[in-house]
1. Separation of segment B:124-196 and segment B:1-54 by C-alpha centroid, Å?
2. How far is helix A:115-130 tilted off the main Cα axis of chain A, in degrees rounded to 10, range 0 to 90?
3. Using just the helices of chain B, give the 222 nm mean residue ellipticity in deg cm²/dmol: DSSP H runs with n ≥ 4 each add -39,500 (n - 2.57), and the total is spread over all residues, rounded to 500.
4. Rounded to two decimals, what is the ratio between the C-alpha radius of gyration of segment A:125-187 and 2.2 N^0.38 Å?
5. Scan chain A and hand back the longest stretch that contains none of the GluC sites (Glu not before Pro) lying in DSSP loops with at most 14 other Cβ atoms within 10 Å.
6. Which one of B:T111, B:P149, B:L232 has its Cα pushed farthest toward the positive end of the charge dipole of the protein assembly as shown, where Lys and Arg give +1 and Asp and Glu give -1 at the Cβ?
7. May I ask for the distance between the Cα centers of segment A:29-43 and segment B:209-257, given as a whole number of Å?
8. Only Lys, Arg, Asp and Glu count, each charged at its Cβ (+1, +1, -1, -1), so figure out the dipole size of segment B:42-155 about its Cα centre, rounded to 20 debye.
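Bear in mind these aren't lab numbers, they're just calculated from the coordinates by the rules spelled out. The structure displayed is predicted, hence computed values, not measured ones. Using ideal geometry, Cβ is built from the backbone for each residue, glycine included, and neighbour counts are taken over all protein chains shown.
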Amino acid sequence: MGELNTAMIERYRNSFLKEVEANVEEGEWVKMCMQCGVCSGSCPLGKFWEHPPQEIFMMIRAGKREAVLQSESVWMCTSCYNCIVRCPRELPITHIMHGLAHYAKRLGLVPKTNPTAKFAQMFWDNLMVKGRINELKLGLALYFMNGFGDGIKVALKNQKLGMAMMKTGRMNPKEAFGGHAVKDLAGFHKVLKKAQELEDARIAQNGPPAGA
Amino acid sequence: MAKREYSFYPGCSSQKGASSSNYLISVQTMCEELEVQLNEIPDWNCCAASIGYAGGGELPRLTLSARNIALSEQHHPGQDIVATCAACWLSTREAAERLHEDQSLLAECNTALAEAGLKLRNETPIKHMAEVLIEDLGYDALKARVKKPLEGIKIAGYVGCQTNRPFGIAGESYENPKYLDKLVETLGGDSIPDYEKKVQCCGGALAFSEPEKSQEMVKGIIEAAYDHGADLIVTPCPVCQMNVEVYQDQINQTYGTKFQMPVVYYSTLMAVAYGRSAKDAALNGQIIPAKALDALAAK
């Protein structure tokens, strides 16, 4: 990941905006932002963003590459779509934030302790195993994402909730053994493997030329 | 009236023993009463919701939904897809639109799907169950089945985010959608049209990763319902339901509140209003019991 990061810096030395346009999902929209700030004011977690969306867009144009890609802010999106429906220029802001977060992850620039970055990755890894989410395993992985000691504390804090979920049939301890899955799991994995290969090939086209 | 048939995408959280398994039970009951037949998409997979983006890039994520639509088109040709989960609906419809606009992505998607002998035509309308109820069936048809009106029960219609934005229900506004209020009135209950938190975000998936931030927002959603004298909150989304119902103990500990506000699905209300049992309405899935509905179902 470190090498890719260095290569991308070389390739787009003078324009972070061009890098975003070429590599970030829906990134070609960033230049359309007119800095009105409606997105920032509409975000339910707006007060927690170090750099709200409007600022992120200007920072991209100003070439603040590390500040954007290493920011906790792009991991603060709840996917509520308030910004999307209110943006007067109709930028797909939610998708751009997800795209920036995913690009930061590809480059290995995600802040190491960010809980949403960890959870988002766990969610994807979980669904890729059986084609469906295993809520029990996802929940347990979440509790223990900051190590064993911390996990026990979190698990105890949520013990009463877990019991209530089980009692109402909304959590099943048996999911620890196998659990729900797609039947054509081999086919599912082949399809997703191919999709990842095609995605990687497209990225390589935008990526640094060989030997760079 | 001939049975209406839909190709049904239930989603991970509605599976047996999962967090919104109670939603599925009440939906099945509701659909029996409305003569709607749900044909489950065979071997559907997870849509990656709106939190899969860290690990999942654009094409792998779109391919997840493309597989579901392709399976639906193969096994249930001509049937609209209906999802009960807001995130399932949003991801699937978003993928369909993205693949409609970008032919090169569609071609890549189909190359991937061909690995399992599947092909996406991408011609299928993708609906949320609320659209089926309101746009396909209509309030009059929903009202005609009411056997036990929800008389004297005051209900805050919490629409939330993803059933409302960016697609929403036809004719409704993003800022003040009224369909849940109309539905409550249709079932004979008392709605709260000026419930000011009806489209407030509950935190979505960040309820897991940023619980304090999420619970602060949930606190506002519940508080506003109490301010209006609500007996319970109704919602069309499994994430909204879970986030607003199950953390009330923790919120009470943090803020010194005494919340004990039941949060149910529209389908729970409808199953009870249509005269079905507490079990058929999945009222036993409530962590905070909906006593007013329990009493009505027992009558």
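1. 18
2. In chain A, helix A:115-130 runs at an angle near 60 degrees to the longest axis.
3. Working: 12 runs with 126 residues, N = 299.
About -12500 deg cm²/dmol.
4. 1.25
5. A:91-212
6. Checked the options; the winner is B:L232.
7. The distance from the Cα centre of segment A:29-43 to that of segment B:209-257 comes to 29 Å.
8. Rounded to the nearest 20 debye, it is 580 debye.
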